[in-house]
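Read through the structure below, which is laid out as structure tokens, and then see the notes.
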């Protein structure tokens, strides 16, 4: 019989934290997931594009490249098995003008290096045949990209954890942890009924709070904690008929994939996100940004009607880089990185974290020796 209250404890019940909990519970670990908020998935996981990413752009050998493709391949069967809605609609990366066309070959080559299935180069006429309202000089088709119900997905993960005897504890913020002399962790949780529990293994995946949570772990050195940056992105919804069946993406911008189009599962068109580095968690949407959005969108959809964009919502991404810095890889820091047995700490899990989540869970379990 275990000397610990739990075999494994996870901090954060967003998509990635729940996927970690699922991977651990599936390996027979008694698992507790701590969530500071009153519901699962109310942070980064609640304010995203709900896109299943193909894995086209990420650098060779990066965690993002590997885990995005692995995660996507696992995600569709999981969604289907659990009755979670999705649309494997495909994505068109559109190129207009000489500067964008100059990036096409590099993006296609990177996608094929990353083992993204079914990539195809389309002429303007071929792209127009698929999407008659689309304007481009050329396009890349990624047939495995899509959209899905991210909240339904997180509920399914929670159900998997609980069906294996695990627990998702809501309104139970992580207050701190100390390594035990014989191995394992003592974890302090707050809320209306504060409690101290022990676990053999500890995983932190709290999204925007990753740095603050890591700082509350005894023995985790301050120099091991990367600087946190907030990347805000806003979305606008289209009044009227959705113009395209597929996702439409211009080439990525510095630090993000850029403002794109999707038709959500309700059949409505949504554009976003843009990228603005901010200092506070401000989720307001400035209606005046519609002008900038409209100019950007008309590069690939000249038919956008005047005044058709309505402010929708905003999300904030946990970035590990500032405005003028290169975008780094995911940070999944296990004992080899920080020297603390039985601990995995996640930093900077932004896009494609949602698509990658099942694979991230598997990666975390592996780094814990399971």
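The values are calculated or read from the model by the stated rules, or taken from the named source; none is laboratory data. The structure displayed is predicted, hence computed values, not measured ones. Note that we place each Cβ from the backbone using ideal geometry, even for glycine, and neighbour counts take in every protein chain shown.
Brief remarks follow.
- Hey, residue 190 over 30 Å from residue 69 (Cα atoms), outside the structural domain of residue 267 (by TED's automatic domain parsing), out of contact with any strand residue (DSSP E or B) (no Cβ under 6 Å at 6 or more places or on another chain) and at pLDDT below 95 or not: no
- Count - residues of the stretch 97-116 that are in contact (Cβ under 8 Å) with a residue 24 or more places away in the chain and out of contact with any strand residue (DSSP E or B) (no Cβ under 9 Å at 6 or more places or on another chain): 5
- Residue in the stretch 56-77 that is in contact with a strand residue (DSSP E or B) (Cβ under 8 Å, 6 or more places away or on another chain) and part of a loop (DSSP other than H, G, I, E, B) present: yes
- Check on residue 349, crowded, with 18+ Cβ neighbours inside 10 Å and in contact with a helix residue (DSSP H, G or I) (Cβ under 6 Å, 6 or more places away or on another chain): yes
- Any hit, the stretch 100-114, residues being assigned to a loop (DSSP other than H, G, I, E, B) and in contact with a helix residue (DSSP H, G or I) (Cβ under 7 Å, 6 or more places away or on another chain): yes
Residue-wise test of (1) in contact with a strand residue (DSSP E or B) (Cβ under 6 Å, 6 or more places away or on another chain); (2) not assigned by TED's automatic domain parsing to the domain that holds residue 26.
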site: 158; (1), (2): yes, no
site: 162; (1), (2): no, no
site: 186; (1), (2): yes, no
site: 245; (1), (2): no, yes
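- When 34, 24 are checked against the criterion of being under 21 Å from residue 215 (Cβ atoms) and in contact with a strand residue (DSSP E or B) (Cβ under 6 Å, 6 or more places away or on another chain), a single residue qualifies: 34.
- Residues (on the phi > 0 side of the Ramachandran plot and not in a strand (DSSP E or B)) located in the stretch 258-285: 258, 267
- Enumeration of residues in the stretch 24-53 that are part of a loop (DSSP other than H, G, I, E, B) and in contact with a helix residue (DSSP H, G or I) (Cβ under 7 Å, 6 or more places away or on another chain): 27, 40, 41, 43, 48, 50, 53
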